[in-house]
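Right, one structure below, let's go through it.
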Amino acid sequence: MEIGEMLNEIEEKDKKINSFIVLDKKGISRRDVPNKGKLKNLLVGVKSNINVEGLITSAGSKTLENYISPYDATVVEKVKAEGGQILGMLNMDEFACGSSGETSFYGATDNPSARGHISGGSSSGSAASVAAGFVDISLGTDTGGSIRNPASHCGVVGFKPTYGVVSRYGLIDMAMSLDQIGSFARDVEKAALLLETITGYDPKDETSLKLDPEFYRFFKNLNPGLKGIKVGYADEFDRLVQDKGIKKVIHKALNRLSSAGTEIIDVSLPNLEIALPTYYLNVYVEFFSATRKYDGRRYGHRIEDACGEEVLRRILLGSYISQKEYSGKYYKKALMARSLIRKELSDALKKVDVLVGPTVPKLPHKLGTKIEDPMIMYAYDVFTVPVNLAGLPAGTVPAGKVNGIPTGLQVTGKALDDQKVLNVMYGFEQCG
């Protein structure tokens, strides 16, 4: 089927899912893309906070509804260079502020694997487009679980690399010290292939790491062997899981890993519960700073005049916490707590090769459910935010279903142990 035909079919089917904001029917993003490379013939979707030249890059917000990107993000350049066929820009929580995929100016994203339920956020369209079979692979971003959360809800693979492994140049960031671009796919092999494509040192990004070229060969070096791998599991996971069905699925996953030859070791994460407030205090301040450029003078609308409720909440709280008289009371303490969480994860990982556990504490709620307390929504990220606070690699791989709804196993590794995390995910996938 020709891409034009395929896009017409996706457009019709996506009326029920709402995974795309922009479908590139004119082929703007596919001009001069070589018919060769690692991603040859693979269909790709791009989260709408990653710049693609010639396409509206809105970050899911009315603020940037008319912003046509004048350049490609580094990751998009790399995808194009390897023959990836970009189909368009994917839906997302507005400016990545959300855990459900419901805060987008363009409407909520339905979950193809659990219709009528949220797809998860903020990379809602990235996960849903893969789960629906519209694309083979997609790019998402992860600030506190925004790749792993929707991957778990939609029953696909999602991977967030070590901070600095993927260039952030061309990303409309939410929180500079936390955001990372990563990959979605239906299986670990394709997720690793996309990751291998987009990684590498970028002089245009000051956070980019310069590493040995062999480090980046994630697809080539995939190894499903699990024998002798030490896997850590924390009792705190069981205590914070809100759904008994998820707990059952995760313990079955542990048994599966054990049967494949891994050694399951108890570890402790006593400060896991303070990760959420620590994360959000960091995010509020960094997001407030990042949004000061949306003043309506150079491009787009003034953000405070155009944004939704969740974005405005984060701007106002960030403004408040950033004030000199409050920064010591809140932000500086959050930075201290962040160091504590980083050390706690580091200490736990000294005993094992990887940590595994649930990705989310509860199943995705039904679309349109009124949730008055934002902390109830934020709780989706309780198991994912510590990884971002510490800058570690982590991925989610489908573990099973609860009442027909997917839930994922999260695998976390030491900094720059991205390959080991992918290998454990791959091994888990293969031994099922």
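Summary table below
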{"quantity": "Every residue from the stretch 261-286 that is touching a Ser or Thr at 6+ places or on another chain (Cβ under 9 Å), part of a helix (DSSP H, G or I) and either over 24 Å from HIS153 (Cα atoms) or of a type outside the set (A, V, I, L, M) (or both)", "calculated": "TYR279, ASN282, TYR284, VAL285, GLU286"}
{"quantity": "Selection from the stretch 392-421 of residues that are surrounded by 19 or more Cβ atoms within 10 Å (Cβ to Cβ) and over 21 Å from ASP187 (Cβ atoms)", "calculated": "LEU392, LYS414"}
{"quantity": "Failed criterion for GLU304 (all others in (1) free of Cβ contacts under 8 Å to residues at least 12 places away in the same chain; (2) touching a Gly at 6+ places or on another chain (Cβ under 8 Å) hold)", "calculated": "(2)"}
{"quantity": "Filter result (among the polar types (S, T, N, Q), within 28 Å of PRO70 (Cβ to Cβ) and surrounded by fewer than 19 Cβ atoms within 10 Å (Cβ to Cβ)) within the stretch 284-324", "calculated": "SER289"}
{"quantity": "Positions within the stretch 288-326 being aromatic (Phe, Trp, Tyr) and part of a helix (DSSP H, G or I), in sequence order", "calculated": "PHE288, TYR320, TYR326"}
{"quantity": "Selection count where residues are part of a loop (DSSP other than H, G, I, E, B) and either closer than 15 Å to GLU429 by Cβ or in contact with a helix residue (DSSP H, G or I) (Cβ under 8 Å, 6 or more places away or on another chain) (or both), scope the stretch 243-260", "calculated": "1"}
{"quantity": "Qualifying position, being under 29 Å from LEU43 (Cα atoms) and over 20 Å from the mean Cα position of the chain (by Cα), among ASN223, ASN149", "calculated": "ASN223"}
{"quantity": "Within the stretch 199-229, tally of residues that are on the phi > 0 side of the Ramachandran plot and either surrounded by 11 or more Cβ atoms within 10 Å (Cβ to Cβ) or touching a His at 6+ places or on another chain (Cβ under 6 Å) (or both)", "calculated": "1"}
{"quantity": "In the stretch 208-238, the residues that are within 26 Å of VAL382 (Cα to Cα) and part of a loop (DSSP other than H, G, I, E, B)", "calculated": "ILE229"}
{"quantity": "Single residue of the stretch 1-60 satisfying the filter (free of Cβ contacts under 8 Å to residues at least 40 places away in the same chain and buried (at least 19 other Cβ atoms within 10 Å of the Cβ)) that is nearest to ALA185 (Cα to Cα)", "calculated": "VAL52"}
{"quantity": "When residues of the stretch 81-101 are limited to those that are crowded, with 24+ Cβ neighbours inside 10 Å and out of contact with any helix residue (DSSP H, G or I) (no Cβ under 7 Å at 6 or more places or on another chain), the one farthest from GLY318 (Cα to Cα)", "calculated": "GLY84"}
{"quantity": "Unique match (being within 30 Å of LYS420 (Cα to Cα), β-branched (Val, Ile, Thr) and either free of Cβ contacts under 8 Å to residues at least 40 places away in the same chain or in a strand (DSSP E or B) (or both)) among VAL360, VAL356", "calculated": "VAL356"}
{"quantity": "Count of the stretch 30-74 residues which are under 28 Å from PHE219 (Cβ atoms) and either in a strand (DSSP E or B) or β-branched (Val, Ile, Thr) (or both)", "calculated": "10"}
{"quantity": "The one condition in (1) buried (at least 21 other Cβ atoms within 10 Å of the Cβ); (2) more than 17 Å from the chain's Cα centre (by Cα); (3) of a type in the set (Ser, Thr, Tyr); (4) in a loop (DSSP other than H, G, I, E, B) that TYR106 fails to fulfil", "calculated": "(1)"}
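Only the coordinates and a few stated rules stand behind these numbers; no lab work does. Predicted model only: the values in this text are computed from it and were never measured. Positions of Cβ are backbone-derived with ideal geometry, glycine not excepted, and every protein chain shown enters the neighbour counts.
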